[in-house]
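J.: Structure provided below as structure tokens; questions to follow.
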């Protein structure tokens, strides 16, 4: 007869064999949080200020050597995160060796400098996950791999919104008759010059442009109209409070294969959305949304339309939220095999 210790050790080993670790070299990530919650993964956000890569190499290896997961999911970019996971797999991990899955975001595919290394790493991964059919087709053609499509989950902000009821959040400027949140990280694919031009023609509307100002182009910052508020990088709770207080959320991109994260936040908060007129975005956000061609005139007209149709757009977004939550839950259930 086996002792209680032997039984406990066997149960611990069985539980350990199914451990999943999700690594993100960033301060936060709605997608990683949502996926991790559904697959019971141990989620690690890793960020540092100055000596980025050497520090994160060490932190990542420490986590993997401590947790000894069966499956490692790495968000990319940066592609160096899955590279370190593979280094751990071949040099440190005991048998059976862990499977490595890459959750590939747009930057992992579109950044010219990392395409060659990304291709090499993705071909050696157990699976690559992408956010839409366009990215799946691109990788199939150019990397000769078969990615799995999994859109972002609709965020659950229940706990955040409950917390916000007990404390002071983001204070909007009081003079505006209409408030627009412009989701930004000051990335190259964001048509912010057009946004600022549109803002200069809508003086009764206040635009709240998010994002860390250290990433902003100085030339762009010299063209800020008086009704544009640069929020800087916000604590996530305060950021969500801003989004729930504005009248419409805008998230634009010049990348015709991208899925913008702010659009999923708009759905979660049931806010009208203005986004770019690209097929992937139109296919997914097919209710409660106005599409623009990234021009100043289009942006201006879209904001005016959202003012007129605000109630209708909000109702449509509520319906879209219900549909997409159901759809995503069914899809993640059907993909359970890759997380075993």
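Computed from the coordinates by the stated procedures, all read-outs in this text should not be read as laboratory data. Computed from a prediction, not measured in an experiment: that's the story for all the values here. Backbone-built Cβ (ideal geometry, glycine too); neighbour counts: all protein chains shown.
J.: Specify the angular offset, from 0 to 90 degrees and rounded to the nearest 10, of the alpha carbon long axis of helix 310-334 from the longest principal axis of the alpha carbons in the chain.
T.: Between the helix axis and the principal axis of the chain, the angle is about 10 degrees.
J.: If each DSSP helix of 4+ residues adds -39,500 (n - 2.57) and the sum is divided by the residues in the chain, what number results at 222 nm, nearest 500 deg cm²/dmol?
T.: It lands at -14000 deg cm²/dmol.
J.: How far, in degrees from 0 to 90, does helix 4-17 lean away from the longest principal axis of the Cα atoms of the chain, to the nearest 10?
T.: 50
J.: Hey, how many Å between the Cα centroid of region 271-340 and the Cα centroid of region 128-191?
T.: Result: 11 Å between the Cα centres.
J.: If R0 is 45 Å, what FRET efficiency do you get for residue 174 and residue 38 from their C-beta distance, rounded to 0.05?
T.: Once rounded, the FRET efficiency stands at 0.65.
J.: For the chain, with a Gaussian network of springs between Cα atoms less than 10 Å apart, report the residue from 31, 124, 283 with the top mean-square fluctuation.
T.: 283
J.: Gain in length, residue 283 to residue 95, computed as 0.36 nm per residue apart minus the alpha-carbon separation, to one decimal in nm?
T.: Stretched out fully, the residue 283 to residue 95 stretch lengthens by 63.4 nm.
J.: Where does region 158-326 land on Rg/Rh, using Cα atoms and the Kirkwood Rh?
T.: 0.94
J.: Over the C-alpha atoms of the chain, what are the Rg and the largest Cα-to-Cα span, Dmax, in Å?
T.: 21.7, 81
J.: Which residue fluctuates most in the GNM of the chain (Cα springs below 10 Å): 225, 272, 147?
T.: Answer for the Gaussian network model of the chain: 225.
J.: Okay, next question. Residue 235 to residue 28: extension gain in nm, 0.36 nm per residue of separation minus the Cα-Cα distance?
T.: 73.5 nm
J.: For a test of the definition: using alpha carbon positions, the gyration tensor, and the 1.5 limit on a/c, classify region 129-239 as rounded, prolate or oblate.
T.: oblate
J.: Show log10 I(q)/I(0) for region 247-340 at q = 0.10, 0.13, 0.18 Å⁻¹, two decimals, from a solvent-free Debye sum over equal Cα scatterers.
T.: After summing over all Cα pairs, the log10 values are -0.28, -0.45, -0.78.
J.: Using a basic spin-label model with each label point 7 Å from the Cα along Cα→Cβ, how many nm lie between residue 308 and residue 47?
T.: Once both label points are built, they end up 4.0 nm from each other.
J.: For residue 301 and residue 68 in one chain, what is 0.36 nm times their gap in residues minus the Cα-Cα distance, to one decimal in nm?
T.: Contour length minus the Cα-Cα distance gives 78.5 nm.
J.: Give the relative contact order (percent, whole number) for the chain; include only Cα pairs under 8 Å separated by 6+ residues.
T.: The normalised contact order for the chain reaches 13 percent.
J.: Could I have the simple spin-label model distance between residue 165 and residue 55, label points 7 Å from Cα toward Cβ, reported in nm to one decimal?
T.: Simple spin-label model gives 3.8 nm for this pair.
J.: For the chain, find the longest principal axis of its Cα atoms and tell me its angle to the long axis of helix 80-91, 0 to 90°, nearest 10.
T.: 0
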